[in-house]
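The structure appears right after this line, and notes come after that.
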Amino acid sequence: NNEVPQDKSLDNSLSLYQEGYHFIQNRVEKYQSDLFEARLLGKHTVCMRGEEAAKLFYNTELFQREGAIPKRIQKSLFGVGGVQALDGKEHDHRKSLFLSMMTPLEEKKLGELVLAKWEDCIEQWEQAEHIVLFEEARKVLCRTACEWAGVPLEEAIVAERADEFTSLVDAFGAIGPRHWKGRRARTKLDEWAGSLIEDVRNGNLDAKEGTPLHTIAFHKDLKGELLDTHTAAVELNNVLRPIVAIAVFITFEALALHEHLQSRTRLTTDQEREAFVQEVRRYYPFGPFLGAKVRKDFTWRECDFKKGQLVILDLYGTNHDEKQWGEADQFKPDRFLKEEPSLYNFIPQGGGDPMTGHRCPGEGITVEILKATLDFLVNKIEYDVPKQDVSFSLVKMPTLPASGFIMSHIRRKKSTL
Ligand code: HEM
């Protein structure tokens, strides 16, 4: 269609890796359109961003996920056979498994658990010259995730497991060694989780009822059958891996505290802490885009969407859309005190309704863990932030402050009670 801007490059896959989080935004600005067509991964693709585009993207009559996720991402980040690539009734049924594990009570429990794990670190940190927060966070989260999920984890292998979970996430935006490290970690972690599932089913490992390990091991599909071992393993890792990944947001959270000192003084109420955490999730880059496949031909905003075509939604760009967010490129937690975001304009973890669509079921967990960590950083310890490189690339996906956020001279804060 003539009205829709066409990016003429032969193939944009390389540009995607060279421009990272700004790939879609750069073209949206160039063409002055929230929608454009481009060739990506050898395929004719529609790229879009913004609240209205997100609404369209989550219409399950028009889009499906099966066949939309590249094999390289399934074989690293997501795992093969997981909820991410299901559609329709099968998706909704599998999704209810996740949502049943993530009740407000369990979310609160995770917040309390992570705070206790952080406090366990203080004594050791007081002896250390400095610590790298990202490194500490992924270990703390690995311990937290496994304990909550009912998964046994020896202290001696915590660092190794945490590294493996991180490399699954690190693999999605990488080509070469970083990608292959993630693929090897995927094989290993699925085997490990698979043996836990079998042990629980055989009675060789005691899993408490109500823990994710138990719930996933005995979940039945629509035909009333247990998931095959591999699929159950993938879903168990779909709970553990993203909890460890919250380390990325925690590192950005500490950076925000450091760079926006004025916000620090306004963190006394629960609403203020929540607003701060929401702004961390909006402002800093993590999940860049999502892909879906057109289910049937239709036209939207003069663009002809063709059955089978790939469509990419810009998560980062939607969270930074000036039309929705005044001064989008400034860190301003108070915006969340003034206005509730919609299901489609604030989409760091996907948009729409998590019950019927693919929106992340772990947003409550993420917010509780970030709030508990904020409480820890502000009220439980004092620390210095030595000179370091905290800049982060918007090309590398996923990204992180270069230093991982170094803290020194850490001491337990004297209780003010
Ligand atoms: C889906 C981001 C934390 C479990 C997603 C999606 C995104 C996302 C972008 C895709 C939404 C879509 O396809 O429409 C994040 C980020 C997190 C996070 C940035 C913070 C680190 C979590 C947590 C859990 C979790 C803590 C569980 C413990 C899942 C699952 C899906 C998902 C199972 C697939 C849902 C489906 O396909 O229906 N997440 N997530 N995530 N997330 Fe998260």
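Any read-out appearing in this document is the output of simple, stated calculations on the displayed coordinates, not a laboratory observation. No experiment lies behind these values; they were computed from the predicted model shown. Please note: Cβ atoms are built from the backbone with ideal geometry, for glycine as well, and neighbour counts cover all protein chains shown.
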What length, rounded to one decimal in nm, is gained on full extension from LYS188 through to ARG39, with 0.36 nm per residue of separation minus their alpha-carbon distance?
50.2 nm
Using a Förster distance of 41 Å, the FRET efficiency for LEU394-ARG201 (Cβ separation, nearest 0.05):
0.35
Can you tell me, using C-alpha contacts under 8 Å and at least 6 residues apart, the relative contact order of the stretch 195-266 as a whole percent?
20
Among LYS95, LYS43, LYS387, which one shows the biggest mean-square fluctuation in a GNM of the chain, springs joining Cα atoms closer than 10 Å?
LYS387
Using packing as a proxy for protection, rank 64-70, 10-16, 372-378 so that the peptide with the highest average count of other Cβ atoms within 10 Å comes first.
372-378, 64-70, 10-16
Treating cross-link reach as a plain straight distance, find the lysines whose alpha-carbon is under 26 Å from the alpha-carbon of LYS414, omitting any fewer than eight places away in the same chain.
LYS108, LYS109, LYS117, LYS139, LYS371, LYS380, LYS387
Computed FRET value (nearest 0.05) for GLU126 with SER15, which takes r as the C-beta separation and R₀ as 60 Å
0.80
Starting from the Cα of HIS258, step 7 Å along the direction of its Cβ; do the same at LYS307; then give the gap between the two resulting points in nm.
5.4
Candidates ARG138, ARG264, ARG183; GNM for the chain (alpha-carbon contacts under 10 Å) flags as most fluctuating ARG264
The FRET efficiency for LYS380 and GLU322, from their Cβ-Cβ distance with R0 = 51 Å and rounded to 0.05, is 0.85
Taking the chain and dividing mean pair separation by its residue count, relative contact order in percent (alpha carbons under 8 Å, at least six apart):
26
Which value in nm describes the separation of the simple spin-label points at HIS93 and LYS208, placed 7 Å from the Cα toward the beta carbon?
3.0
Along the stretch 316-327, what does the Karplus equation 6.51 cos²θ - 1.76 cosθ + 1.60 (θ = phi - 60°) give for ³J(HN,Hα), rounded to whole Hz, x for Gly and Pro?
4, x, 5, 6, 10, 6, 4, 5, 9, 10, x, 6
In a Debye calculation with equal point scatterers on the alpha-carbon sites of the chain and no solvent, what is log10 I(q)/I(0) at q = 0.10, 0.14 Å⁻¹?
-0.70, -1.38
Which pairs in the list LYS95/LYS208; LYS30/LYS332; LYS43/LYS75; LYS55/LYS296; LYS55/LYS89 are over 25 Å apart, alpha-carbon to alpha-carbon?
LYS30/LYS332
12 Å Cα-Cα reach of LYS293 towards aspartates and glutamates, excluding residues that sit fewer than 8 places from it in its own chain:
GLU61, GLU66, ASP87
Subtracting the Cα-Cα distance from 0.36 nm times the residue separation, let me have the gained length for THR269 to LYS108 in nm, one decimal.
56.3 nm
What is the spin-label model distance, in nm, from PHE218 to LYS296 if the labels are put 7 Å beyond Cα along the C-beta direction?
4.1
Given 266-278, 249-261, the highest-first ranking by average Cβ count within 10 Å works out to 249-261, 266-278
